[in-house]
Structure formats: C-alpha cells, structure tokens
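Visitor: I'd like to ask you about the structure that follows.
The values are calculated or read from the model by the stated rules, or taken from the named source; none is laboratory data. All values derive from a computational prediction rather than experimental measurement. Reconstructed Cβ throughout: ideal geometry from the backbone, glycine too, with neighbour counts over all protein chains shown.
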Amino acid sequence: MGSTLKQADFEGQAYQPQEDVYFDDGREIALLHFMYGHPRLEELRGNPQKVLDAIDEYGRTKKYLMNIGEYKSKTVVDLIKKEKPRVMLELGGYVGYSAIAFGAALKEAGGKRYFSLEKSPEFGAVISMLVDLAGLSDVVKVVVGGSSDSLRRLHKTGQLERIDLLFLDHYKPLYTEDLKLCEELGIVGLGSVYAADNVVKPGNPPYLDYVRSSVEQKRQKASSADGNGPKGRPELVYDSKFVEGWEPSGVPDALEITRCLRVES
C-alpha cells in the first residue's frame with residue numbers, strides 16, 4: 001500500500017527533529033507539566049482526541065517524542081474499527097499516545113480491555129496520568145515491567161487469555177521473541193492480528209523474516225535453534241503485509257500487519 005503523503009505535507013505540522021538523545025532525558029515529565037498546565041486543560045479532560053492533539057502540540061513546539069504519531073496510528077485505528085477486538089495489547093507504551101488513540105478506538109468498537117505494557121516505571125506513570133486525563137482508565141490497564149515477564153504474569157493470573165490485536169512498539173530485538181512467547185502461551189492464534197511499528201525506521205529484519213516465513217521454514221529454524229528463548233508455534237500460518245506510513249517528524253516508516261489464518265498440522 002503506497003503513501004500519498006509527501007515531505008512537504010509535514011511543513012508546519014512535523015514534530016521537532018530527533019536529536020542524538022531523544023528520550024528519557026526529562027522530556028517525558030516536561031510533557032506532563034505541559035499537559036496539566038495547558039490553557040485548555042478542562043477541554044482536554046475526558047476527550048482522547050484533544051489529549052492527542054496536545055501531545056502533538058508538544059512534539060511540534062517543544063521537543064521530539066517517539067510516538068507512533070497521527071499518520072501511522074490511523075492505520076491501526078482503521079484496523080481496530082474493522083476487526084473490533086475485545087482485547088488489545090501493546091508492547092511498549094512510552095507516554096501513552098498509542099494507548100489513548102487505540103484505547104479510545106477499541107472502546108468505541110465495543111472492546112473490553114486494552115493492556116499497555118511498559119518497562120519504565122516513569123513512563124508507565126506518565127501513561128497512567130494521560131490515560132486518566134483522556135477519560136480512558138476504565139478500558140486501559142497500564143502494566144509496568146519487562147514485556148516477557150508481564151506477559152507471563154498476566155496469563156498466569158488469568159487476566160490475559162486471548163489477544164485479538166497485538167501492537168508491537170517496544171525494544172526491537174524483542175519483537176520476535178515476545179511474539180513467539182505469545183504463541184507458546186496460547187494467547188495468540190487463529191484470527192489474531194499483529195501490527196508491528198518501525199519496520200523501516202530503524203527496521204526489524206528478524207521479525208519480518210519470521211512473520212513472512214512458511215510453516216516449513218519456521219519448523220526448520222526452530223529445530224536448529226540453540227534452545228534459548230521461546231520457539232513459538234511454527235504451525236501457525238500467517239499472511240503479512242507491509243503498510244507504508246510516516247513518523248510524526250515526517251520521516252518515512254511502515255507498519256507490518258500480520259494475520260493468523262490457520263493452523264497447519
């Protein structure tokens with residue numbers, strides 16, 4: 001799917017340029033102060049779109065934020081409208097942009113729960129406060145901790161039995177490992193859909209190779225693996241598509257949208 005946007009379309013709308021150090025340098029707490037000191041704060045309360053607009057305002061006028069942004073998020077929102085997932089889970093929440101955009105879409109589509117898994121306690125606190133500001137605390141549950149441990153814990157405690165739509169936007173080398181873990185736990189399977197961000201910038205060849213491989217190719221790789229980490233369920237048959245998009249800074253990027261079609265014996 002091609003993109004009709006051009007770099008010129010971002011003039012006056014793009015986020016600030018991405019610096020060498022572009023996160024975890026205090027800007028996330030500065031964002032909270034910006035949001036809760038906003039002159040239109042009362043208009044933001046309970047309004048997810050206005051909260052997203054204010055986050056974008058900070059990214060345009062203050063400092064770059066590594067959010068999915070409004071351009072790529074529309075692809076996922078449209079996917080939510082189409083799939084109507086009951087349960088959606090994201091790996092990597094940062095400051096809550098995706099949790100707010102997708103949590104609101106899931107709620108509107110009749111969904112029940114959106115899990116936002118974030119490793120950083122500080123970022124998790126920011127997500128919680130902005131989700132509350134947007135009026136989505138009844139739908140979005142923020143879970144702080146390492147992604148793999150959190151997935152196992154949620155499954156073990158019965159809080160997570162099935163993921164209808166999985167959004168991957170965390171530490172890139174963990175995309176494939178955590179997807180395989182979800183497969184092994186049985187929380188993804190026939191009918192599950194995955195949306196993986198940043199498959200161009202910075203890119204994720206191992207993940208793309210995995211979701212685009214045939215069952216036979218996955219079985220061969222699993223049999224030759226060194227035994228460390230989850231092996232997944234190679235018998236799951238995937239259909240995967242590359243969907244072009246843009247970072248909020250105007251840099252081209254893409255999502256990989258993958259659907260589990262069937263189980264091959």
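Visitor: Among the residues of the stretch 178-194, count how many are in contact (Cβ under 8 Å) with a residue 40 or more places away in the chain, crowded, with 19+ Cβ neighbours inside 10 Å and not polar (S, T, N, Q).
Guide: 8
Visitor: Right, next: Identify the single condition in (1) at pLDDT below 95; (2) not in a loop (DSSP other than H, G, I, E, B) that G227 does not satisfy, given that it satisfies every other one.
Guide: (2)
Here is a yes/no grid of residues against (1) surrounded by fewer than 23 Cβ atoms within 10 Å (Cβ to Cβ); (2) touching an Asp or Glu at 6+ places or on another chain (Cβ under 6 Å):
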| residue | (1), (2) |
| --- | --- |
| P121 | yes, no |
| G124 | yes, yes |
| A134 | no, no |
| V139 | yes, no |
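Visitor: For the structure I just gave you, tell me whether E177 is in contact with a Lys or Arg (Cβ under 8 Å, 6 or more places away or on another chain) and either modelled with pLDDT under 95 or under 29 Å from K112 (Cβ atoms) (or both).
Guide: Considered against the rule, which asks whether it is in contact with a Lys or Arg (Cβ under 8 Å, 6 or more places away or on another chain) and either modelled with pLDDT under 95 or under 29 Å from K112 (Cβ atoms) (or both), E177 comes out as no.
Table: residues versus (1) of a type outside the set (V, I, T); (2) farther than 24 Å from V51 by Cα; (3) assigned to a strand (DSSP E or B).
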{"position": "K81", "(1), (2), (3)": "yes, no, no"}
{"position": "G93", "(1), (2), (3)": "yes, no, no"}
{"position": "A101", "(1), (2), (3)": "yes, no, no"}
{"position": "F115", "(1), (2), (3)": "yes, no, yes"}
{"position": "L136", "(1), (2), (3)": "yes, no, no"}
{"position": "D149", "(1), (2), (3)": "yes, yes, no"}
{"position": "R162", "(1), (2), (3)": "yes, yes, no"}
{"position": "T176", "(1), (2), (3)": "no, yes, no"}
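Visitor: Specify which of the listed residues (A54, A104, A99) is among the small types (G, A, S), buried (at least 18 other Cβ atoms within 10 Å of the Cβ) and more than 26 Å from I257 (Cβ to Cβ).
Guide: Only one candidate qualifies: A54.
Visitor: While we're here: When residues of the stretch 200-245 are filtered for being of a type in the set (F, W, Y) and within 30 Å of A14 (Cα to Cα), how many remain?
Guide: 2
Visitor: Scan the stretch 36-54 and tell me whether some residue there is outside any strand (DSSP E or B) and touching a strand residue (DSSP E or B) at 6+ places or on another chain (Cβ under 6 Å).
Guide: Checked against the condition, which is being outside any strand (DSSP E or B) and touching a strand residue (DSSP E or B) at 6+ places or on another chain (Cβ under 6 Å), the stretch 36-54 yields no hits at all.
Visitor: Here's another thing I want to ask about it. Looking at the stretch 230-254, which of its residues are assigned to a loop (DSSP other than H, G, I, E, B) and hydroxyl-bearing (S, T, Y)?
Guide: S249
Visitor: Look through Y175, Y114, Y171 and report the one residue that is more than 14 Å from G93 (Cβ to Cβ) and among the aromatic types (F, W, Y).
Guide: The conditions single out Y175.
Visitor: Here's a follow-up. Using beta carbons and a limit of 8 Å, which pairs, at least six apart or on different chains, have the first residue in the stretch 212-234 and free of Cβ contacts under 8 Å to residues at least 40 places away in the same chain and the second one assigned to a helix (DSSP H, G or I) and surrounded by 14 or more Cβ atoms within 10 Å (Cβ to Cβ)?
Guide: Once the first residue is free of Cβ contacts under 8 Å to residues at least 40 places away in the same chain and sits in the stretch 212-234, its partners that are assigned to a helix (DSSP H, G or I) and surrounded by 14 or more Cβ atoms within 10 Å (Cβ to Cβ) give S213/K221; K218/Y210; P234/V215; P234/K218; P234/R219; P234/K221; P234/A222.
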